[in-house]
Amino acid sequence: MNFAQPTLRITAAQYNTIVANCYDGLPNEACGLLIGPMRDGKVLGVVTEAWPCRNEAESAVIYTVDGRDFLKASRAAEARGEEIIGVWHSHTHTDPYPSPTDIRQAVDPAWIYVIVSLRDNAPMLRGYRIVDGEVAEVQVARSGG
């Protein structure tokens with residue numbers, strides 16, 4: 001991809017919410033949604049809320065965000081004049097890089113896709129844009145809030 005990638009900005013509390021959700025989902029993959037502002041259909045990179053969701057697939061190798069959880073997150077975002085700007089899920093035993101399934105199932109080219117690997121002792125969190133099957137890593141910046 002040859003266009004500018006936003007930096008994903010999450011607070012320490014949001015990071016902790018995401019990682020805790022991933023551990024809570026074991027032995028299955030866990031997932032959740034990122035809420036934040038967009039301008040002209042583009043993600044600005046600021047996350048205002050990390051919204052844990054149920055993995056409807058209840059699987060250790062794939063995830064499907066529960067439809068009711070998606071609707072609740074979407075309504076909460078809309079009430080604040082924001083949007084769903086991305087999704088996270090865990091990889092329980094592999095690198096934090098999109099699998100072929102993750103790439104095929106990437107639903108929105110504007111979104112940032114966050115993957116948390118639980119393979120090692122410390123979780124590894126990475127962010128990506130996936131557009132037309134192409135993957136580009138985005139910077140993830142954590143702040144103290």
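Annotations
- Contacts under 7 angstrom Cβ, first residue in segment 28-42 being at negative phi and β-branched (Val, Ile, Thr), partner in a strand (DSSP E or B) and surrounded by 22 or more Cβ atoms within 10 Å (Cβ to Cβ), 6 or more apart: 35/51; 35/84; 35/85
- Check on residue 86, touching a Ser or Thr at 6+ places or on another chain (Cβ under 6 Å), buried (at least 19 other Cβ atoms within 10 Å of the Cβ), of a type in the set (Gly, Ala, Ser) and under 17 Å from residue 130 (Cβ atoms): no
- The sole residue among 58, 49, 78 that is of a type outside the set (A, V, I, L, M, F, W, C) and crowded, with 16+ Cβ neighbours inside 10 Å is 49.
- Residue within segment 61-73 that is part of a strand (DSSP E or B), in contact (Cβ under 8 Å) with a residue 24 or more places away in the chain and of a type in the set (Phe, Trp, Tyr) present: no
- Scanning segment 12-37 for residues that are crowded, with 18+ Cβ neighbours inside 10 Å and either farther than 21 Å from residue 117 by Cβ or among the aromatic types (Phe, Trp, Tyr) (or both) turns up 15, 35, 36.
- Per-region count, segment 107-137, residues closer than 24 Å to residue 38 by Cβ, among the hydrophobic types (A, V, I, L, M, F, W, C) and surrounded by fewer than 19 Cβ atoms within 10 Å (Cβ to Cβ): 5
- Taken over segment 90-120, the residue count meeting the criterion of being part of a helix (DSSP H, G or I) and acidic (Asp, Glu) is 1.
- Looking across segment 1-50, the residues that are outside any helix (DSSP H, G or I), modelled with pLDDT of 95 or more, farther than 13 Å from residue 127 by Cβ and of a type in the set (Gly, Ala, Ser) come down to 30, 32.
- Some residue of segment 78-88 being over 14 Å from residue 114 (Cα atoms), of a type in the set (A, V, I, L, M, F, W, C) and either in contact with a strand residue (DSSP E or B) (Cβ under 9 Å, 6 or more places away or on another chain) or in a loop (DSSP other than H, G, I, E, B) (or both): no
The values are calculated or read from the model by the stated rules, or taken from the named source; none is laboratory data. This structure is a prediction, so every number in the text was calculated from the model and none was measured. A quick note on method: Cβ atoms are made from the backbone with ideal geometry, for glycine too, and the neighbour counts reach across all protein chains shown.
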